[in-house]
Amino acid sequence: MHELVVFGAQEFRGRLLVFALLLAGLLSVAGFAKADTLEIELRIRDHLFFPSTLEIPANQKVKIRIYNEDPTPEEFESFELNREKVIAGNSQTVIFIGPLKAGEYPFFGEFFPKTAQGTVLVK
Amino acid sequence: MFFNAVVIVLQEILEAALMLSLLLSFVRYFNFINVGTVLFQRNWTVFSVVFGVIFAWVYSQNFERISDSFDYVGLEIANASIHSLSCAFLIALAWLFPSSHSVMHLKNRLRGVTACMVFVVVLAILREGSEIIQFGSGVLGQGEVGLPIFYGGLVGAGIGVSTGFLLYYGLTGLSLERSLKACVLLLALTAGNMASQATLLLNQADWLPFTPIVWDSNRLLVESSVLGQLAYALIGYEATPSLMQVFAYFFGLVAVFASPISRLAWFGYQASSVRTNQDAQAIALSRRRKRCKPLFCNSETENDLREGIIMNYAPYLGAIRGEHVRAAARSIGAALIEQPGLEALLSVAEENSEMG
């Protein structure tokens with residue numbers, strides 16, 4: 001006679017508990033990771049960055065939410081930060097800049113570089 | 001705006017044009033072999049460019065939908081997938097490229113290689129074309145006078161395409177051996193470039209964790225200079241790469257350098273996979289060839305030289321039919337030995353064509 005039941009009710013409850021604990025552990029770690037990221041805003045209006053200087057603390061991952069309030073697309077680019085992203089007109093986007101050492105990291109808008117310029121000041 | 005348009009369109013076209021010229025010079029070796037009609041062999045360039053432009057248009061139509069997905073990092077995910085796929089196809093191209101005596105399976109191999117090339121070119125044009133379309137449509141839709149931007153774009157595209165031509169003729173103008181070595185090297189660098197850019201994009205989207213910056217080579221070559229940007233377009237030069245980028249680049253390099261064609265090009269015939277008695281003889285002959293400088297050969301060594309070269313290239317010569325033999329032998333001979341052995345090479349090639 002073959003065993004039709006793979007594991008009984010008690011084992012099932014035990015395994016469910018372990019799985020739930022693991023999931024809770026993972027989610028809490030993820031929650032901590034998200035809480036670490038500072039979020040700042042950057043706006044593009046009339047081919048200019050507002051604010052043109054972003055101040056962030058050193059050695060911390062930062063999430064920059066860029067709102068492009070112009071009808072035309074713009075490209076956020078920085079050689080020092082190694083970041084490059086096209087943002088469509090009248091839309092927003094998100095860029096992460098990793099833990100940075102103290103200093104000045106300039107960025108510019110590649111489509112309108114004469115006016116769109118800014119600096120990330122890391123203290 | 002004119003100059004701005006020049007710079008932006010130039011950057012994008014440059015990356016695609018350099019990739020295309022590299023692949024075209026790589027596929028030149030197929031011309032030594034005539035295996036009848038191979039799928040898209042002649043017009044694969046046109047086919048892939050056309051499809052690339054179509055896909056770039058579709059991509060830029062859905063730009064905002066892609067950009068808003070994955071919590072506003074959809075663009076990074078899409079571009080990172082394009083880069084990783086390009087890297088994978090470049091590595092597949094290197095591993096599929098024929099490098100041994102197996103002429104029998106050449107037809108299927110050439111189909112596979114052509115398919116890889118088509119995919120790589122389509123992905124490259126998709127990537128670059130979508131950015132150009134984004135720039136162009138955005139700036140034109142502003143209501144500014146579109147003409148200087150259009151001319152700027154044309155000038156930028158012209159410069160990019162000319163640089164592509166320059167690379168193509170530079171690569172194909174070299175001798176056969178050096179050309180193959182240079183092509184394989186550039187292929188490896190391009191594969192590494194694709195892999196490292198994929199990791200950079202995923203880091204930007206916070207899908208990959210932070211790794212520290214390994215070095216700062218701005219003292220050697222400033223990234224924002226003209227030469228630096230050219231190096232970025234060609235091989236993905238980064239002045240401040242992160243550790244993960246360096247690993248990804250290294251992975252791409254090793255994956256291509258381990259392939260049979262790179263072993264043939266860089267480490268000589270003896271490193272490739274086929275082993276028979278004939279091969280052992282050829283290996284011994286080519287070793288003696290390396291020790292002998294062509295100008296100071298005596299007649300016995302010259303004979304060995306001729307035989308060694310014939311045995312190395314016999315499969316290619318033997319697979320050629322009819323009137324192509326003389327032309328192929330002449331080009332191979334002229335490329336490798338500018339010496340009295342040329343007539344001997346031609347006579348042996350004639351014998352081969354009579355046999356085959």
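The values are calculated or read from the model by the stated rules, or taken from the named source; none is laboratory data. Given the structure is predicted, the values throughout are model-derived calculations rather than measurements. Counting neighbours? That spans all protein chains shown, and the Cβs are built from the backbone with ideal geometry, glycine included.
Based on this model, can you work out whether residue A:120 counts as surrounded by 14 or more Cβ atoms within 10 Å (Cβ to Cβ), within 8 Å of chain B (Cβ to nearest Cβ) and part of a strand (DSSP E or B)?
Considered against the rule, which asks whether it is surrounded by 14 or more Cβ atoms within 10 Å (Cβ to Cβ), within 8 Å of chain B (Cβ to nearest Cβ) and part of a strand (DSSP E or B), residue A:120 comes out as no.
So residue B:130 ticks every box in (1) hydroxyl-bearing (Ser, Thr, Tyr); (2) within 14 Å of chain A (Cβ to nearest Cβ); (3) in contact with a Gly (Cβ under 9 Å, 6 or more places away or on another chain); (4) part of a helix (DSSP H, G or I) but one. Which box is left unticked?
(3)
Restricting attention to region B:168-188, report how many residues are within 16 Å of residue B:234 (Cα to Cα) and either surrounded by fewer than 20 Cβ atoms within 10 Å (Cβ to Cβ) or not hydrophobic (A, V, I, L, M, F, W, C) (or both).
5
Do we have residue A:95 as at the interface with another protein chain (Cβ under 10 Å from one of its Cβ atoms) and of a type outside the set (Gly, Ala, Ser) here?
Here the answer is yes, as residue A:95 does meet what is asked.
Here's the yes/no breakdown for (1) assigned by TED's automatic domain parsing to the domain that holds residue B:227; (2) under 20 Å from the mean Cα position of the chain (by Cα); (3) part of a helix (DSSP H, G or I); (4) modelled with pLDDT of 90 or more:
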residue: B:16; (1), (2), (3), (4): yes, yes, yes, yes
residue: B:21; (1), (2), (3), (4): yes, yes, yes, yes
residue: B:31; (1), (2), (3), (4): yes, yes, yes, no
residue: B:35; (1), (2), (3), (4): yes, no, no, no
residue: B:40; (1), (2), (3), (4): yes, yes, no, no
residue: B:46; (1), (2), (3), (4): yes, yes, yes, no
residue: B:65; (1), (2), (3), (4): yes, no, yes, yes
residue: B:68; (1), (2), (3), (4): yes, no, yes, yes
residue: B:84; (1), (2), (3), (4): yes, yes, yes, yes
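Where residues in region A:73-87 are surrounded by fewer than 22 Cβ atoms within 10 Å (Cβ to Cβ) and part of a loop (DSSP other than H, G, I, E, B), which of them is farthest from the other protein chains (Cβ to nearest Cβ)?
So, considering only residues that are surrounded by fewer than 22 Cβ atoms within 10 Å (Cβ to Cβ) and part of a loop (DSSP other than H, G, I, E, B), the one farthest from the other protein chains (Cβ to nearest Cβ) is A:81.
Output the residues belonging to region B:205-242 that are within 30 Å of residue A:39 (Cα to Cα), surrounded by fewer than 19 Cβ atoms within 10 Å (Cβ to Cβ) and among the charged types (D, E, K, R).
Residue satisfying the conditions is B:216 alone.
Please name all residue pairs, on different chains or six or more residues apart, with Cβ atoms under 6 Å, provided the first residue is in region B:60-84 and is within 10 Å of chain A (Cβ to nearest Cβ) and the second residue is in a loop (DSSP other than H, G, I, E, B) and of a type in the set (Gly, Ala, Ser).
B:63/A:88; B:64/A:88; B:73/B:205; B:76/B:205
Per-residue answers, yes or no, for (1) within 10 Å of chain B (Cβ to nearest Cβ); (2) under 19 Å from the mean Cα position of the chain (by Cα); (3) free of Cβ contacts under 8 Å to residues at least 60 places away in the same chain; (4) under 27 Å from residue B:214 (Cα atoms):
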{"residue": "A:44", "(1), (2), (3), (4)": "no, yes, no, no"}
{"residue": "A:54", "(1), (2), (3), (4)": "no, yes, no, yes"}
{"residue": "A:61", "(1), (2), (3), (4)": "yes, yes, yes, yes"}
{"residue": "A:64", "(1), (2), (3), (4)": "no, yes, yes, yes"}
{"residue": "A:91", "(1), (2), (3), (4)": "yes, yes, yes, no"}
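Going by what's in this entry, would residue B:211 be described as in contact with a helix residue (DSSP H, G or I) (Cβ under 8 Å, 6 or more places away or on another chain) and outside any helix (DSSP H, G or I)?
So residue B:211 passes the test.
Regarding region B:293-311, can at least one residue be identified that is modelled with pLDDT of 80 or more and surrounded by fewer than 19 Cβ atoms within 10 Å (Cβ to Cβ)?
Taking every residue of region B:293-311 in turn, none turns out to be modelled with pLDDT of 80 or more and surrounded by fewer than 19 Cβ atoms within 10 Å (Cβ to Cβ).
Kindly provide the set of residues from region A:98-107 that are more than 7 Å from chain B (Cβ to nearest Cβ) and surrounded by fewer than 20 Cβ atoms within 10 Å (Cβ to Cβ), ordered by number.
Hits for region A:98-107 are A:101, A:102, A:103, A:104, A:106.
In region B:250-268, what residues are of a type in the set (A, V, I, L, M, F, W, C) and assigned to a helix (DSSP H, G or I)?
Result: B:250, B:251, B:253, B:254, B:255, B:256, B:257, B:261, B:264, B:265, B:266, B:267.
Which one is farthest from residue B:167 (Cα to Cα) among residues in region B:216-240 that are assigned to a helix (DSSP H, G or I) and within 11 Å of chain A (Cβ to nearest Cβ)?
The qualifying residue farthest from residue B:167 (Cα to Cα) is B:218.
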